[in-house]
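Structure first, commentary second.
The values are calculated or read from the model by the stated rules, or taken from the named source; none is laboratory data. Because the structure is predicted, anything quoted here is derived from the model rather than measured. Glycine also receives a Cβ, built like all others from the backbone with ideal geometry; neighbour counts cover every protein chain displayed. These accessible areas exclude ligands, DNA and RNA; they are computed on the full protein's heavy atoms, side chains included. Shrake-Rupley method; radii C 1.70, N 1.55, O 1.52, S 1.80 Å.
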Amino acid sequence: MAGTSTGGTETASDQPFEGQVEFWTINLKKNYGDYVNGLIAAYQKQHPKVTIKWVDVPGQESATKLLAAVASGAVPDLVNVSSIELGRFVPSLTPLDELLTPEDLADFQPNLVAPLRTGGKLYALPWYNGGAPVAMYRKSVVTKAGFDPAAPPRTYDEALALGDKVHDKTEVYGSNIIPDHNVLRYYGIEPLSADRRTAAFNTPQAVEILEKFKKSYGAGIAPGAVSKDIRNLPQTLENGQIAFKPTANAAELLNVQKNAPDVYDDLAVTEPVRMGTGEYLLLAQQAFSIPRASAHKKAAAEFLKYVTNGANQLAFCKIVPIYPSTISSTKDPFFTQGADGDAMSAARQVIVKGMAKLAYHPVGTSKDAELGEYFAEQVRAFLTGTKSAEEALDTAEKQWNDALAS
């Protein structure tokens, strides 16, 4: 039976082009069912001895459902795993080096593959991601502060300076950024100790960084930036109350285009701020893994190569604002050309140019989201005057250490 363990004994159905492959994705059926069903139909036509059983799992249930499957032994053969969750599943996954050759990996961005290795073994193959970040500037506002789109801010310090100048010249808030733990990483401060057991961000440099942001808060940084509802901040590009975003996901452009076309037409899209290494921080990517308990590993690996090949990734990117992990996909005119002056076309070109500079460095725990919120809450308290920078960092450090120890 597909999806169940056979205790490691290879059977006829474990051959490359035979058997049923149970294939899990996350949140795709509603909007992208035609694309996935088309992939499956085309593959089964080419490989009539293979049956693909597609299971689409709601995002909020994906980790829980996979944990339950691993515990029961009735696992999928090929499963979509967010890179954020990968670490907790490694013991139950098959090293893909046993199933894929170096030639199979040749078209994948090396900087996207490398972070999916643990102990030198590859436990997932990258699929799609949000792409390199971009920066978005309202030309009609920022040019009054001397902004040059050919020389945008390269660091958060430069972005803060621009925000202050924009507010001084126009009374429009600069941006709505706050110094969360990922911003600290742009300054070279690692969030955790090397063994990932204790917080490492509570340093004198971190205090200085928080103080820099505090000086801009309420002017260069919009007051609503401290809202917990990060999807609906009071001041945004869309409502015209901020002037720019120094780092953003290009998918945000779709909302601006839909809700504020006048703002969309006014945007200059450029390279974002960078880390001290010159890289861009990638916070997550979608990947595929093959559980150890799968009875059809070889068939799953063949389908994995098909789903993630350059042509199929490109086709997916053309219907949803995501970005591929394959080099060949990025060479298509879809990414390299576009309408002059169109913000989304410009964003695609910026993103493709920056793909090789993407650095996926997760915090690397099973509690990354929880830790991030602890830190952000303390930063909000600091920016609004409830705590000093030292008090905020001390509290966040204790919260992180308690969470990591539990």
Spherically averaged projected area of the stretch 309-385 from its Cα convex hull (nm²) = 8.0
Counting only C-alpha contacts under 8 Å and six or more residues apart, can you give the relative contact order of the chain as a whole percent?
-> 27
Convex hull over the alpha-carbon atoms of the chain: what's its volume per residue in Å³?
-> 140
For the chain, what is the accessible area per residue in Å², given a 1.4 Å probe and the full set of protein chains?
-> 44
Got a number for the accessible area of ILE290? Probe 1.4 Å, square angstrom, nearest 10.
-> 0
Among ILE327, ILE52, what's the order by accessible area (1.4 angstrom probe), most exposed first?
-> ILE327, ILE52
Once a ≥ b ≥ c are taken as the square roots of the eigenvalues of the Cα gyration tensor of the stretch 250-406, is the result rounded (a/c under 1.5), prolate (a/b larger than b/c) or oblate (a/b not larger than b/c)?
-> oblate
Per-residue accessible area for ARG348 at 1.4 Å probe radius, Å² rounded to 10?
-> 40
Heavy atoms of THR64: accessible area, 1.4 Å probe, square angstrom to 10 | 90
What do you reckon, how do ASP368, ASP77 stack up by accessible area (1.4 Å probe), largest on top?
-> ASP368, ASP77
With the dipole of the stretch 252-406 worked out from charges on the C-beta (+1 for Lys and Arg, -1 for Asp and Glu) around the Cα centre, which of GLY278, PRO291, LEU254 lies farthest toward the positive end?
-> PRO291
GNM on the chain, C-alpha springs below 10 Å: top fluctuator among ALA206, ALA381, ALA222?
-> ALA381
Among rounded, prolate and oblate, which fits the stretch 205-329 when a ≥ b ≥ c are the square roots of the eigenvalues of its C-alpha gyration tensor, a/c under 1.5 means rounded, and a/b larger than b/c means prolate?
-> prolate
Cross-link partners among aspartates and glutamates for LYS215, C-alpha distance below 14 Å, same-chain residues fewer than 8 apart left out?
-> ASP157, GLU158, ASP164, ASP168
Using alpha-carbon positions, the gyration tensor of the stretch 280-329 gives root eigenvalues a ≥ b ≥ c; with a/c under 1.5 called rounded, otherwise prolate if a/b exceeds b/c, else oblate, the class is oblate
When the accessible area of the chain is computed with all protein chains present and a 1.4 Å probe, what percentage of it is carbon and sulfur?
-> 51
